[in-house]
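To keep things clear, I will list the structure first and then write my remarks on it.
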Amino acid sequence: MAMGRRFNREPRGPQIRINHRIRVPEVRVLDADGSNLGVIETGAALKRAAEQGLDLVEVNPKTSPPVCKILDFGKYKYEEKKKQREAKRKQTVVEVKEVKLRPKTDDHDLNVKMRAARKFIENGNKVKVTCRFRGREITHPQIAQRQLAFFVENTGDIANVEQSAAMEGRTMALLLAPKAAVMQKISNERAEREKDTSRPDHSRPDHSAPQNEAPEEESA
C-alpha cells in the first residue's frame with residue numbers, strides 16, 4: 001500500500017483578515033481619514049469601505065471588539081514590506097574577525113596586529129584574538145596570557161571583553177566586542193551618509209545657463 005507523502009512546510013505568520021474574512025458581528029472602525037467611527041456592525045463597516053472603493057482590514061484582533069481600519073489593502077501591504085526592508089537594511093551585522101598570534105610573535109608584529117584589531121572593532125566587528133601553541137610551547141601559557149592582556153589593555157577605550165582568555169585545545173583565545181559608543185557612532189555615520197545621498201547636489205553646474213560668457217566689448 002502506497003504511503004502518503006509528508007511535506008515539511010514553513011510555519012506561516014499570522015494572517016491578516018480583510019473584508020468578508022472578518023466574521024465577528026461588530027468591530028471598532030477607523031475611517032480612511034483616521035477618524036474613529038466607534039463600534040458598528042461588521043456589515044455596515046464593509047458597506048462603508050466598499051462605498052469608498054477600499055478594504056476593511058483588521059489591524060488589532062486582540063481587542064474586544066477587534067479594531068479594523070478602512071484602507072487600500074494593496075497599498076498597505078506594499079508599505080509594510082517597504083518598512084521591513086528598510087529595517088533589515090539598517091540592521092548592523094556584527095562579524096567576528098580573527099587575529100592570530102604565536103608565542104613567538106615579536107613586538108613589531110604584535111603592534112601591527114593590534115592596529116588591525118582596533119580597525120576591526122572601530123568598524124563594528126567583534127575580534128577573536130587567538131594564540132596557538134606548537135610542541136612544547138604549551139608549557140608556557142603565561143606568554144600567551146601576556147599577549148592577550150596587551151590586547152585588552154590597548155583596546156579598552158573601544159572594546160569590552162566578551163569572553164576572557166581561555167584555552168581551546170592548543171589555542172588560548174580572547175573575544176573582544178565593540179562598546180556601545182562605537183556602535184552608536186557607526187549608526188550615526190550611516191544616517192548622515194543616507195541624508196547626504198538623499199539631498200539634491202547643488203554643487204553641479206547649471207548647464208541650462210550659459211557658461212563662461214565672453215565680456216561685452218566696450219563701445220568706442
Between a residue in segment 160-183 that is more than 21 Å from ARG134 (Cα to Cα) and any residue that is among the basic types (Lys, Arg) and in a loop (DSSP other than H, G, I, E, B), which pairs come within a Cβ distance under 7 Å, given they are 6 or more apart or on different chains? ASN160/LYS179
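Only one of these is under 30 Å from GLY156 (Cα atoms) and not polar (S, T, N, Q): ARG102, ARG136, ARG85, ARG48. Name it. Steps first, answer last, please.
On the way: ARG136 fails: under 30 Å from GLY156 (Cα atoms); ARG85 fails: under 30 Å from GLY156 (Cα atoms); ARG48 fails: under 30 Å from GLY156 (Cα atoms).
Just one listed residue meets the conditions, ARG102.
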Residues that are surrounded by 10 or more Cβ atoms within 10 Å (Cβ to Cβ), part of a helix (DSSP H, G or I), out of contact with any Gly (no Cβ under 6 Å at 6 or more places or on another chain) and at pLDDT below 90: does segment 33-46 have at least one? no
Is segment 91-109 home to any residue that is over 30 Å from LEU176 (Cβ atoms), modelled with pLDDT of 90 or more and within 26 Å of the chain's Cα centre (by Cα)? no
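Just checking, does segment 38-60 include any residue being touching a strand residue (DSSP E or B) at 6+ places or on another chain (Cβ under 7 Å) and at positive phi?
Taking segment 38-60 as the starting set, the residues that turn out to be touching a strand residue (DSSP E or B) at 6+ places or on another chain (Cβ under 7 Å) are 38-42, 45-46, 48-49, 52, 54-60.
Now narrow it down to the ones that are at positive phi: 38.
The answer is yes; a qualifying residue exists.
Starting from residues that are of a type in the set (Lys, Arg) and modelled with pLDDT of 90 or more, keep the ones in segment 5-32 and report whichever is surrounded by the fewest Cβ atoms within 10 Å (Cβ to Cβ). Before the answer, list the steps.
So in segment 5-32, the residues of a type in the set (Lys, Arg) come out as 5-6, 9, 12, 17, 21, 23, 28.
Subset that is modelled with pLDDT of 90 or more: 17, 21, 23, 28.
Details: ARG17: 17, ARG21: 11, ARG23: 7, ARG28: 19.
So the residue we want is ARG23.
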Which of the strands (runs of 3 or more DSSP E) found entirely inside segment 61-169 contain at least 3 residues meeting this: buried (at least 17 other Cβ atoms within 10 Å of the Cβ)? 67-71, 126-132
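The values are calculated or read from the model by the stated rules, or taken from the named source; none is laboratory data. Just so we're clear, the structure is a prediction, and the values are computed from it rather than from any experiment. Cβ sites come from the backbone with ideal geometry, for glycine too, and all protein chains shown count toward neighbours.
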